[in-house]
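Please read the structure below before turning to the comments.
The values are calculated or read from the model by the stated rules, or taken from the named source; none is laboratory data. The structure displayed is predicted, hence computed values, not measured ones. A quick note on method: Cβ atoms are made from the backbone with ideal geometry, for glycine too, and the neighbour counts reach across all protein chains shown. All accessible areas refer to the heavy atoms of the entire protein, side chains included, with ligands and DNA or RNA removed. Shrake-Rupley method; radii C 1.70, N 1.55, O 1.52, S 1.80 Å.
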Amino acid sequence: MTDNNDVSVLNGLIKTTLDSMKGYEDAAKDAESTQYATMFADFARDRAKVAADLQNEVRRLGGEPELDSSMLAAAHRTFMDLKQAITGKDDKAIIQEVERGEDHIKAKFEDAMKDANLAPATLEAITTGFASVREGHDKMSALKHSVA
């Protein structure tokens, strides 16, 4: 039996996480500094793992996990801004846009964790993914403030 609410919440997070992963991949390709490129590539791999873990939870629940990013709505706007920053190949602008994307994904996970109707195992999977998201957010925030 599939828990539709849990699957829906998880799939929304998967899309946002895949959006974040793609944003980091783009940032890694176009960063001027190899230090930033390496950091962004590491974050992209981390987001891929978070998405895979959430996809596994959807499968465990009997649902079909999202496999692609949405590139819609706020996530789309965020990463379009990132792409504009990247085309200028300005590391400071890239870092600012990546950090803005981090605010977006962090808020999505926080909202999901407030859903009182989630099964304990689903909430645990989200909380585990959030630990990684929060760490990435905090690192990008600190980086943004160090280059400001």
Could you go through region 48-69 and let me know if any residue there is touching a Ser or Thr at 6+ places or on another chain (Cβ under 9 Å), over 24 Å from Ala119 (Cα atoms) and assigned to a helix (DSSP H, G or I). no
Within region 1-45, tally of residues that are of a type in the set (Asp, Glu) and without any contact (Cβ under 8 Å) to a residue 40 or more places away in the chain: 2
Could you tell me how many of the residues in region 36-85 are modelled with pLDDT under 95, touching an Asp or Glu at 6+ places or on another chain (Cβ under 9 Å), under 16 Å from Glu99 (Cβ atoms) and open to solvent by 40 Å² or more (accessible area, probe 1.4 Å)? 3
Within the set of pairs 6+ apart or on separate chains, which have a first residue in region 111-123 that is polar (S, T, N, Q), a second that is open to solvent by less than 100 Å² (accessible area, probe 1.4 Å) and part of a helix (DSSP H, G or I), and C-beta atoms under 7 Å apart? Asn117/Asn5; Thr122/Asp6; Thr122/Leu10; Thr122/Glu57
Kindly provide the set of residues from region 91-146 that are outside any helix (DSSP H, G or I) and small (Gly, Ala, Ser), ordered by number. Ala116, Ala119
Being modelled with pLDDT under 95 and either β-branched (Val, Ile, Thr) or within 23 Å of Ala52 (Cα to Cα) (or both) narrows it down to one of Glu135, Glu110, so name that one. Glu135
